[in-house]
Structure formats: structure tokens, C-alpha cells
Amino acid sequence: MIRVQAVALDSLGAALQLTPGTELLTVNGRDLEDFLDWEFLTADDQFVLKARLPSGEEIEYDVERPEGLPMGVTLEPPRIRRCANHCDFCFVDGNPEGMRQALYIRDDDYRLSFRYGNFATLTNLKPWDLERIVEYRLSPLYVSVHATDPVVRRWLLRNPEAPDIIPQLRWFAERGIAVHTQVVMVPGINDGPQLVRTLTDLYAVGPAVLSVSVVPVALTEFSKHALVRQPTRDECHAALATVDDFAARAVTDRGMPWCYGADDLYLQADLPLPPAAWYGDFEQRENGVGAVRYLQTRIEGARTALESENWRDKRIGIITGTAMGPLLPQIVADLTRMTAAHFEILALENTLFGPSVTTAGLLPGKAVLAALQDRRDLDLALVPAESVNDDLLFMDDMAAHDLASRVPMPVRLSYDFADALEEKLESWNVGMQPSGGQS
Ligand code: SF4
């Protein structure tokens, strides 16, 4: 059973008089367990829906969907599938006390992997899950592999029950399910020969493994440092050499690199990033792979709007995490040339997780407030849109509107700078809604 949270006007849901609180029971006699069932089973033009209204009355609707009319039904959020692993580098263990409750949940949910690109380990799949992944064609999935040697993978996941990943991926491949994969590189465990084995095994699965990224492990000051450490510069260097070997082979065989190092891996290795064309469709940019080149591409695409003189001599502060701090000057140089504005990069240390958490998306609102509250010299501040959730809350529960009301300049949430600078300043209210770009 799933429950309706909201119904859009001018939708099929409204025409059926579904209301918030309505329980959706079955479609064509099949029980509805979650949003996947709802979306896939109601995709047909005709179906029979059984629902229980908030009054308790049960109704069976013989639905014929008029062409182009959306269902318009928002469901209550799904119960997140919990993770069965206990990785030493787990992000959840790295969370200090006092944050949003959701941040203490270890999720490992293939449904969110398909829908939002969250990485899942596939270690908690039941036969029923396997069937629906195939039936609903949940492809591509995003899979955390880490290592293909079963012993090493089980050690990394701290899960002696974790199934062998390669047979699992082959099973999916044979049924038309493709995957993007990642290896979180833990030095001394799955780098070196293990990384070579992992990439060799993944490549051998064939084209159903669409890509693999190698991401250096990210730790916080609360992580289990006695058990896991950050890679050294030389270890990152060596990992990128392995990545390059496999990418060169893939370019020859498949016409695309297939194997990518995360931007952070280049940063920690002190090596330049590949050009934008290397990343194709930037399919792992949300995973920090090609993110810098993606931004540069977006900015170039907005060149006409950015060159419109709206920003000449304006002072614009760019909030970011310390990871992007050293990479942003290349991007800001492009922005400066196009807009004639003066940009200042404010690369903030993460006061919530500790300085080793460097990504902009995890910045707490308090750190942003502290950086901006006395900056009367700025005409505008750009804040990473990915650092707030759908309710516009930062990691520490500060509301974006609260931040905007406490700083002396307009604040704009931005994914890629171009989204925030295409419109001139005077046309905005207090622009705290993310304005497009990545979603
Ligand atoms: S797979 Fe590992 S890192 Fe991910 S949530 Fe589970 S324990 Fe944490």
C-alpha cells in the first residue's frame, strides 16, 4: 500500500477525486508496494485501480487515461532501504551529532539508484527485487563495486554475506540491465593490483558496465582513522596511471574512455584534469567526475548572456568547499573574461564535518553565514545549490531563506554559475530558489 501526499490540479488523479491520505492498494490486482509499482503499473492507457479513501471507503476505478493527461499524484516519501554493510569509511559514521535525522540513515536502495543516481552496493537484494529490476527495466543502475575480489569487497563493506559482484553484474547484463560503477579507493586495500583486477573484471563484463569511476576515499575527523586513511599524492598518481591504461584501451575498443578518475583524484595527485570532451555526457558528474569541465562547458554555453554587461565591475563572492577552491580559478577566469565582474572565491572549511570534508555540497549553513555576514563589499553571493535539500535546508538544518535574511547582499543558489548570472541582478527578488541546471 502507498499513500497519496498531494494531487495536482488538471490531472487524472484530480479527475478521479483522489485526495491526500488516499491509500492506493492495487493496480490490475497487483499490490502496490512503492513508487515504482505505481509509476510502472499506471503507465498503461487502461488499468483498474483499487484505492481506500481517507473516509475508509474502498473504490475500484476503471481508468482510461486521456492522451497527454498526467496522473498528477505525489506519493508519500518511500521507506528507504537500509544498508546491510558497515564500511570503515562510511559517511554516516563520519557524521557528528546534532544533524538532520536523515543523515544518520545508511541507505542502500536500488530504487533510488535508478531514480536519482545514488550508488548502491546491491548487497541487500532479495529475489523479488531482482525480478522487478528486470521487469521494470531499472537501467542504468549506479553500483558501488569497490573491489571485484569477493574477499576484498566483503572486507571493505564489512559484510561477510555480500554476494560476488561480478556474477551479479553478469546476471543483470544478460537481462539488459546496464550499470555505472564506482570504486571508492581505500589506500592499501583496493588500489594497486586490486584496482587492476577490479577494472579488468568490470571491463570483461562487457558494454553493460557503462562506466567506472575511481574516487579517493573521503574521511571526516569523526571517521575511523585507525582503520582507514586518505591516499597519498603518490597513491593517487598510481591510481590515475591505472585509470589511464584502461581508458586508453577502452578508447581503442569502444570509442570512449569508460574508466574515469574523479576530479578529486586529479586534485590530490596534483595532475591536470582531462579536457571536457573526455567525459562524454558527464554521466558521473554528480559523483565528482568531470564536474569542473562540466561547469566550464555550461559557462561557455551561456557566453552570450554572460557577456551582456550586466555584471561589469560587480563584486561577486563564490562560496565553495575547499576541494573546488584550487580548481575554481580556471572557471572563474572564464567568468571574469565574459562578465567583467570581480569574483572572489570563498573556499570554506567544513565547520560541521571537519576540514577533511571538502565538497561544496556538504557545507553547513552556519559556515556560509559566517563567511558572508560582514561582507558589505559584495554585490552578490553565489551559494552551491547542492548544499541544500529539496526543502532548502543546509546540512545543519539552517534554512536558505534564513541565511538570505541575515547577510548584507543578495544570495543566489547556483549549480553552475551560468544559471545564476544569466539574469541581471535587478530582476531578482531574494533568489533562494535553485534556478535549474543539474537536478
Ligand atoms: S555501503 Fe558502506 S558507505 Fe554506503 S551506507 Fe552502507 S556502510 Fe555506509
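The values are calculated or read from the model by the stated rules, or taken from the named source; none is laboratory data. Only a predicted model underlies this, so the values are computations on that prediction, with no experimental measurement involved. Ideal geometry is used to build each Cβ from the backbone, glycine not excepted, and the neighbour counts take in all protein chains shown. Note: areas computed on protein heavy atoms with side chains; ligands, DNA, RNA excluded. Shrake-Rupley method; radii C 1.70, N 1.55, O 1.52, S 1.80 Å.
Can you work out which of the residues in region 68-83 that are hydrophobic (A, V, I, L, M, F, W, C) and crowded, with 16+ Cβ neighbours inside 10 Å is farthest from the chain's Cα centre (by Cα)? Walk me through it before giving the result.
Let us first name the residues in region 68-83 that are hydrophobic (A, V, I, L, M, F, W, C), namely 69, 71, 73, 75, 80, 83.
Still in the running and crowded, with 16+ Cβ neighbours inside 10 Å: 71, 73, 75, 83.
Values: 71: 27, 73: 24, 75: 21, 83: 17 Å.
Among residues in region 68-83 that are hydrophobic (A, V, I, L, M, F, W, C) and crowded, with 16+ Cβ neighbours inside 10 Å, the one farthest from the chain's Cα centre (by Cα) is 71.
Within region 75-88, how many residues turn out to be closer than 16 Å to residue 120 by Cβ and more than 6 Å from the ligand (Cβ to nearest atom)? Give the derivation first.
Step one: of region 75-88, the residues closer than 16 Å to residue 120 by Cβ are 78-87.
Filter again for more than 6 Å from the ligand (Cβ to nearest atom), leaving 78-82, 84.
So the count comes out to 6.
Residues of region 1-18 being farther than 23 Å from residue 68 by Cβ and either β-branched (Val, Ile, Thr) or buried (at least 18 other Cβ atoms within 10 Å of the Cβ) (or both), which ones? Give the steps one after another, and end with the answer.
Initially, region 1-18 is screened for residues farther than 23 Å from residue 68 by Cβ, giving 1-3, 5.
Once the filter is applied, which keeps residues that are farther than 23 Å from residue 68 by Cβ and either β-branched (Val, Ile, Thr) or buried (at least 18 other Cβ atoms within 10 Å of the Cβ) (or both), region 1-18 yields only 2.
Which of the residues belonging to region 276-304 are open to solvent by less than 70 Å² (accessible area, probe 1.4 Å) and among the β-branched types (Val, Ile, Thr)?
289, 292, 297, 299 - these are the residues of region 276-304 that are open to solvent by less than 70 Å² (accessible area, probe 1.4 Å) and among the β-branched types (Val, Ile, Thr).
It is to be established whether one or more residues within region 307-318 are in contact with a Leu (Cβ under 8 Å, 6 or more places away or on another chain) and part of a helix (DSSP H, G or I). Steps first, answer last, please.
Here is the first cut: in region 307-318, the residues in contact with a Leu (Cβ under 8 Å, 6 or more places away or on another chain) are 310-311, 314-318.
Those left that are additionally part of a helix (DSSP H, G or I): none.
Scanning region 307-318, I find no residue that is in contact with a Leu (Cβ under 8 Å, 6 or more places away or on another chain) and part of a helix (DSSP H, G or I), so the answer is no.
Could you tell me which numbered condition residue 376 fails, if it satisfies all but one of (1) without any contact (Cβ under 8 Å) to a residue 40 or more places away in the chain; (2) within 21 Å of residue 183 (Cα to Cα)?
Unmet condition: (2).
Is it the case that residue 42 is open to solvent by less than 70 Å² (accessible area, probe 1.4 Å) and without any contact (Cβ under 8 Å) to a residue 40 or more places away in the chain?
Here the answer is yes, as residue 42 does meet what is asked.
Here are 158, 170, 154: which of them is within 16 Å of residue 125 (Cα to Cα) and either among the small types (Gly, Ala, Ser) or out of contact with any helix residue (DSSP H, G or I) (no Cβ under 9 Å at 6 or more places or on another chain) (or both)? So that I can check it myself, show each step before the final result.
Numbers: 158 fails: within 16 Å of residue 125 (Cα to Cα); 170 fails: either among the small types (Gly, Ala, Ser) or out of contact with any helix residue (DSSP H, G or I) (no Cβ under 9 Å at 6 or more places or on another chain) (or both).
After ruling out the rest, the residue left standing is 154.
Just checking: which of the strands (runs of 3 or more DSSP E) contained wholly in region 332-427 hold 2 or more residues that are closer than 21 Å to residue 304 by Cα and of a type in the set (A, V, I, L, M, F, W, C)?
Working: elements: 342-348, 380-384, 411-414.
Ranges flagged: 380-384.
Do we have any residue at all in region 54-67 that's modelled with pLDDT under 90 and either surrounded by 11 or more Cβ atoms within 10 Å (Cβ to Cβ) or within 16 Å of the ligand (Cβ to nearest atom) (or both)? Working first, answer last.
First, the residues of region 54-67 that are modelled with pLDDT under 90: 65-67.
Subsequent filtering for residues that are either surrounded by 11 or more Cβ atoms within 10 Å (Cβ to Cβ) or within 16 Å of the ligand (Cβ to nearest atom) (or both) retains 65.
For region 54-67, residues modelled with pLDDT under 90 and either surrounded by 11 or more Cβ atoms within 10 Å (Cβ to Cβ) or within 16 Å of the ligand (Cβ to nearest atom) (or both): present.
Say whether the condition of being at pLDDT 85 or above, within 16 Å of the ligand (Cβ to nearest atom) and not hydrophobic (A, V, I, L, M, F, W, C) is met by at least one residue in region 100-108. Quick ask: steps written out before the conclusion?
Pass one, region 100-108, residues at pLDDT 85 or above: 108.
Next cut, within 16 Å of the ligand (Cβ to nearest atom) only: 108.
From what is left, the residues that are not hydrophobic (A, V, I, L, M, F, W, C) are 108.
Yes - at least one qualifying residue is present in region 100-108.
Kindly establish whether residue 311 is modelled with pLDDT of 90 or more and farther than 30 Å from residue 373 by Cα. Outline the logic, then answer.
Values: modelled with pLDDT of 90 or more: yes; farther than 30 Å from residue 373 by Cα: no.
It is false that residue 311 is modelled with pLDDT of 90 or more and farther than 30 Å from residue 373 by Cα.
Which ones in region 110-126 are more than 9 Å from the ligand (Cβ to nearest atom), crowded, with 21+ Cβ neighbours inside 10 Å, closer than 22 Å to residue 38 by Cβ and free of Cβ contacts under 8 Å to residues at least 60 places away in the same chain?
Applying the first criterion (more than 9 Å from the ligand (Cβ to nearest atom)) to region 110-126 yields 110-118, 122, 124-126.
From the residues that got through so far, the ones that are crowded, with 21+ Cβ neighbours inside 10 Å too are 110-111, 113, 122.
Narrowing the set further to residues that are closer than 22 Å to residue 38 by Cβ leaves 110-111, 113.
Across region 110-126, the qualifying residues are 110, 113.
Starting from residues that are among the small types (Gly, Ala, Ser) and buried (at least 18 other Cβ atoms within 10 Å of the Cβ), keep the ones in region 135-172 and report whichever is farthest from the chain's Cα centre (by Cα). Give the steps one after another, and end with the answer.
From region 135-172, those among the small types (Gly, Ala, Ser) are 139, 144, 147, 162; that's our starting set.
In the following step, the residues that additionally are buried (at least 18 other Cβ atoms within 10 Å of the Cβ) were identified as 144, 147, 162.
Values: 144: 13, 147: 21, 162: 24 Å.
Going through the qualifying residues, I end up with 162.
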